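What follows is a short report on a single structure.
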Amino acid sequence: MSEEHRQRLSELQDGELAEDQVKDLLEAVVADPELRACWERYTLIGQALRGEGIDPGARILAKRVRVALRAEPPILKRSRIYPLPHRARSRLVVWALAASVALVAMGAVPLLQAYLRPTASPPLAIQLSRPSPALQRWQLERPELASKLDRYLVTHQAMAPATPAQGFLPYVVLVSETVGR
Amino acid sequence: MLSRDYWRERGGAMAERHADQELVRRAQQGDRRAFDLLVIKYQQRVTGLIARYVRDPHEVLDVAQEAFIKAYRALPSFRGESAFYTWLYRIAVNTVRNHLATQGRRPPGEDIEADLAEQLDLGRRLREHATPERHLLSEEIAMTVQHTLDDLPDELRTALVLREIEGMSYEEIATAMNCPIGTVRSRIFRAREAIDKRLKALLED
């Protein structure tokens, strides 16, 4: 047990040891049980100075825990241990809310403007409900097959496991596209 | 004897929180050596806490061990929003509560806050239930530490007291003592070494 290691233990006890020196010191503690005993005595010194009760019988507890932990699986590592400070988190939430509101406004305002515009053109809802001549799902030499292909596609979409939108939703999408054909 | 409350009022708990941060971070990343040092650091306090509710010394150690194992398992959920000991304290109280409930005994009625518990004299319960030999050794440890501290040169004693009782950082001590931080490191270490020399002899007897 070198004096340098003991001095580092003293600094670690106070949280004043440089981060890059902690790993080496922990390895030294494992290799040298006397360093571990020294750490315990440094702890006892602080407790005695502060008038805390000391139970000599409790000194075996760490050894018991050490043995018991050998049977424990390693705990999951976390990349970020300490959370953002409360103020920083609050700021993030405010920014996220503001961004969401701005996004909704950007999407909704043109729609509302188009809807409320006098009569230069038909209301947007009417425009949307009209069939688009360009909308054509199948390019077929035999157009009569289109309805069969549509039925197949509806059934396939409804049963396909690849999409999280099962059942009703794909059917709605397809039917809405089929209107006016 | 210096007052523990005084230590708390002067920010010792905050200093301790800072001191634990690196060990806790490493323990959370799976370093059991770091957790081992935390167990050594808090084994006295956790044992003292459990001894308030459980009389049998063997049972106290069993429950304390269980509390530390639970803390180890729960480490990933510790977010550093409170001091490590405050978090550990709650786990220990819940462990002793469950232990007493499973045995049909009355668990602690109210969840004493850790801050309040810090102010309680944990040694009182130990003295009530310790064997005469343990009681004697406990008293000898306290006296050895105090007497050796009294014998130290002023600058060593002051540096250690400012750290251990006032809870000041090395930087603050350097300012208070008007000396470089390196000198503070050295003085605190030399003070601990002097006390440790006598304490080691006592514990090995």
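The values are calculated or read from the model by the stated rules, or taken from the named source; none is laboratory data. No experiment lies behind these values; they were computed from the predicted model shown. As a convention, Cβ positions derive from the backbone with ideal geometry for all residues, glycine included, and neighbour counts pool all protein chains shown.
Name the one entry in A:Leu135, A:Leu84, A:Leu145 that is at pLDDT 65 or above and either among the hydrophobic types (A, V, I, L, M, F, W, C) or part of a helix (DSSP H, G or I) (or both).
A:Leu145
Name every residue in segment B:72-88 that is of a type in the set (A, V, I, L, M) and free of Cβ contacts under 8 Å to residues at least 24 places away in the same chain, in order of residue number.
B:Ala74
Filter segment A:62-78 down to the residues that are assigned to a helix (DSSP H, G or I) and without any contact (Cβ under 8 Å) to a residue 12 or more places away in the chain and list them by number.
Hits for segment A:62-78 are A:Lys63, A:Arg64, A:Val65, A:Arg66, A:Val67, A:Ala68, A:Leu69.
Examine segment B:99-106 for a residue that is touching a residue at least 24 places away in the same chain (Cβ under 8 Å), surrounded by fewer than 14 Cβ atoms within 10 Å (Cβ to Cβ), more than 9 Å from chain A (Cβ to nearest Cβ) and not in a helix (DSSP H, G or I), and state whether such a residue exists.
Within segment B:99-106, not a single residue is touching a residue at least 24 places away in the same chain (Cβ under 8 Å), surrounded by fewer than 14 Cβ atoms within 10 Å (Cβ to Cβ), more than 9 Å from chain A (Cβ to nearest Cβ) and not in a helix (DSSP H, G or I).
I'd like to check something: does segment B:150-164 contain any residue that is at pLDDT 95 or above and over 24 Å from A:Glu3 (Cβ atoms)?
Within segment B:150-164 (the criterion being at pLDDT 95 or above and over 24 Å from A:Glu3 (Cβ atoms)), the answer is yes, since at least one residue qualifies.
Could you tell me whether any residue of segment A:52-60 is in a loop (DSSP other than H, G, I, E, B), of a type in the set (Val, Ile, Thr) and either at pLDDT 75 or above or in contact with a His (Cβ under 8 Å, 6 or more places away or on another chain) (or both)?
yes
Under 6 Å between Cβ atoms, which residue pairs at least 6 apart in sequence (or on different chains) link something in segment A:17-29 that is within 10 Å of chain B (Cβ to nearest Cβ) with a partner that is at pLDDT below 90 and surrounded by 13 or more Cβ atoms within 10 Å (Cβ to Cβ)?
A:Val22/B:Glu22
Does segment B:51-67 hold any residues that are farther than 16 Å from A:Gly57 by Cβ and facing chain A (nearest Cβ under 7 Å), and which are they?
Those that are farther than 16 Å from A:Gly57 by Cβ and facing chain A (nearest Cβ under 7 Å): none in segment B:51-67.
What residue, among those in segment B:163-185 that are surrounded by fewer than 22 Cβ atoms within 10 Å (Cβ to Cβ) and under 18 Å from the mean Cα position of the chain (by Cα), is nearest to A:Leu44 (Cα to Cα)?
B:Ile165
Report, ordered by the first and then the second residue, all pairs with beta carbons closer than 7 Å, sequence separation of six or more or different chains, a first member in segment A:49-61 that is more than 7 Å from chain B (Cβ to nearest Cβ), and a second member that is surrounded by 23 or more Cβ atoms within 10 Å (Cβ to Cβ) and modelled with pLDDT of 85 or more.
Qualifying pairs under 7 Å: none.
State yes or no: is B:Arg134 within 9 Å of chain A (Cβ to nearest Cβ), over 20 Å from B:Ala67 (Cα atoms) and modelled with pLDDT of 90 or more?
So B:Arg134 does not fit the description; no.
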